[in-house]
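Inspection log for the structure reproduced underneath, given as structure tokens.
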């Protein structure tokens, strides 16, 4: 008897606690009036990562503020990039969402699968390339920002060794490495990249290990294409320089953070949501950069960079914006020495979207 | 390779391996008493987040470590109550503890994610981790209390017949394991990568669990195993940075593959199996039986 009553007490306690959590949970669905459009978001990480997912959530909040009562938004966080994603996306589609943003590359097939089941629901898949009548794709030209930081790194490095921490070998990441290297080697032909693949978007410990390993091997600038601010912190501690990733991370490494490439999703999200409200939404492919404000540079750190260098960086931003500068201007050779972009030409979007090779001058091979 | 480079690599290996040593040695003691606690990952995360929040609020490292340890005591105490008094299934309860810990830490830490803090020097913990392994090894093999723990883990009914308090012993070993896990978590969020972000232990609790099996429940082997796991991970990063191409995914699987090989090896021989694994591991104990 005693044991049974204990079990009952434990169960009752769990129910009460779960109830309190449920009621206080902010993601709880609000009652929505019929004319209000419901917008859903699928996040790969937590909005508190101060990187990729954080910036999508900033975009979602911007959308809510801009459109006010005509929309309501919901998000599901920490959705793994596997068959599980189908369940999460379907959950949003079934619960009456009109527009669903799936914000990571590997939700591609899952998004299309659910989209074919719900032809009336509109889908927006970030960084992908497969579309359907009710599936749009969108991405930002982050590589334009990599050109700016490549220029800065080429000028700032004293050891001519730059450490580059990367997640997975996908075109977006390879494109970033190439854009960075092309810009850095243009101003400093002696520059060498040391690349470490950590095979994770998000593992602060491992990212810190990678940064420390690179610093130990002589890198005096750390660049990252992973989501936490651990590399920047490690750089700060070791007294070397770094760039933030996805959002302004200066608060975490004020003496290392030179600038960061920021992802600005808000205006795009607001525009697409407005299109759904107005009934003008159509499937399309969007790939915006500096020009349309989808990519921005964080304020340049005046403690670390000379005013001349800041002016140069801003000139590059401007040049890319008005089209006089392109991140991939010919002549560009691949590692085998073959000419891939001719003199006077620039790489087209098709080549950029499927870029899986290193340009000449980068050591090592792209992992398969 | 210059001396500085080698010292630098050793330095990174020491820093990145220490959480595995803490969590692993705690779990080893728990398992020696016959209890399998799969909740390490959850315990580590809650330890990490409570330590972090306390540090942000009070700015005091001592308080933050103390509260982090307290969280380990409370959570592992709940686990002990469930598996010892209510005799719930250890595997299911441990998994529940991990899932609960992941969710609880995310909820507690939401407002604190991305608050900058000053990290603590990892070397205090590194030195303590080595001492700890030595002390646990001595304790388990040379002291009466240590032998009681092992007796309880080998055969709880005989231990009971000899007059030892099985439940009390297991409460203590589970709480010891919980405290070590929360220190591992504290180390991660305060020393290793000084920050709080959801799920930041990134599977290290599971590697620590594998490590205990890999070490065949021997403290000194656990230390060696932890440094093999940690060392291989850092070496492959170094080789990559030198321009050597390596299959990185393979190295991420390495701890688990190594553990599987050890498992196959020890279970191929009945005597060897008996000598290493505590016989009563994961077997529920009814006091009056």
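Each reported figure results from applying straightforward, stated rules to the coordinates on display, with no laboratory input. Model, not experiment: these values are computed from the prediction. Every residue, glycine among them, receives a Cβ derived from its backbone with ideal geometry; neighbour counts consider all protein chains shown.
Numbers at a glance
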{"item": "Order of B:191, A:253 under a 10 Å beta carbon neighbour criterion, fewest first", "result": "B:191, A:253"}
{"item": "Between segment A:187-256 and segment B:32-85, the Cα center-to-center distance that results, in Å", "result": "31 Å"}
{"item": "For residues of B:74-85, the mean tally of beta carbons on other chains within 10 Å", "result": "1"}
{"item": "Computed helical MRE - 222 nm, the protein assembly as shown, DSSP H runs ≥ 4 contributing -39500 (n - 2.57), nearest 500", "result": "-18000 deg cm²/dmol"}
{"item": "Highest-fluctuation residue, A:197, A:52, A:265 considered, GNM on chain A with Cα pairs under 10 Å", "result": "A:197"}
{"item": "For residues of B:229-242, the mean tally of beta carbons on other chains within 10 Å", "result": "5"}
{"item": "Crossing angle, helix A:204-216 versus chain A [Cα axis fit, 0-90 degrees, rounded to tens]", "result": "10 degrees"}
{"item": "Kirkwood Rh, Cα atoms: Rg over Rh of chain A", "result": "1.03"}
{"item": "Segment A:26-152 - share of DSSP beta bridges that are antiparallel (%, nearest 5)", "result": "5 percent"}
{"item": "Kirkwood Rh in Å, taken over all unlike Cα pairs in the protein assembly as shown", "result": "26.7 Å"}
{"item": "Mean Cβ count within 10 Å, highest first, over the residues of peptides A:141-148, B:51-58, B:250-257", "result": "A:141-148, B:51-58, B:250-257"}
{"item": "Alpha-carbon centroid distance for the pair segment A:341-368 / segment A:118-142, whole angstrom", "result": "25 Å"}
{"item": "Ascending count of other beta-carbon atoms within 10 Å, so fewest first, for B:196, A:287", "result": "A:287, B:196"}
{"item": "For B:194-207, mean number of other protein chain Cβ atoms within 10 Å", "result": "5"}
{"item": "Chain B: C-alpha gyration tensor shape, a/c 1.5 cut-off, then a/b vs b/c", "result": "oblate"}
{"item": "Percentage relative contact order, segment B:3-276, counting C-alpha pairs under 8 Å, at least six apart", "result": "34 percent"}
{"item": "Spatial separation of Cα centroids for segment A:278-337 and segment B:170-217, in angstrom", "result": "43 Å"}
{"item": "25 °C / 0.890 mPa s Stokes-Einstein diffusion coefficient of segment B:134-218, Kirkwood radius on C-alpha pairs, µm²/s", "result": "164 µm²/s"}
{"item": "Rg ratio (alpha-carbon, reference 2.2 N^0.38 Å) - segment A:248-319", "result": "1.48"}
{"item": "Debye log10 I(q)/I(0) for segment A:112-224, one point scatterer per Cα, at q = 0.12, 0.14, 0.19 Å⁻¹", "result": "-0.53, -0.65, -0.94"}
{"item": "GNM top mover of B:43, B:120, B:246 - chain B, alpha-carbon springs below 10 Å", "result": "B:246"}
{"item": "Projected-area average for segment B:212-289 over all orientations - Cα convex hull basis, square nanometres", "result": "7.1 nm²"}
{"item": "Proxy reagent accessibility, fewest Cβ within 10 Å first, across B:172, B:147", "result": "B:147, B:172"}
{"item": "Among A:41-49, B:263-271, the order from most to least packed when residues are scored by Cβ within 10 Å on average", "result": "A:41-49, B:263-271"}
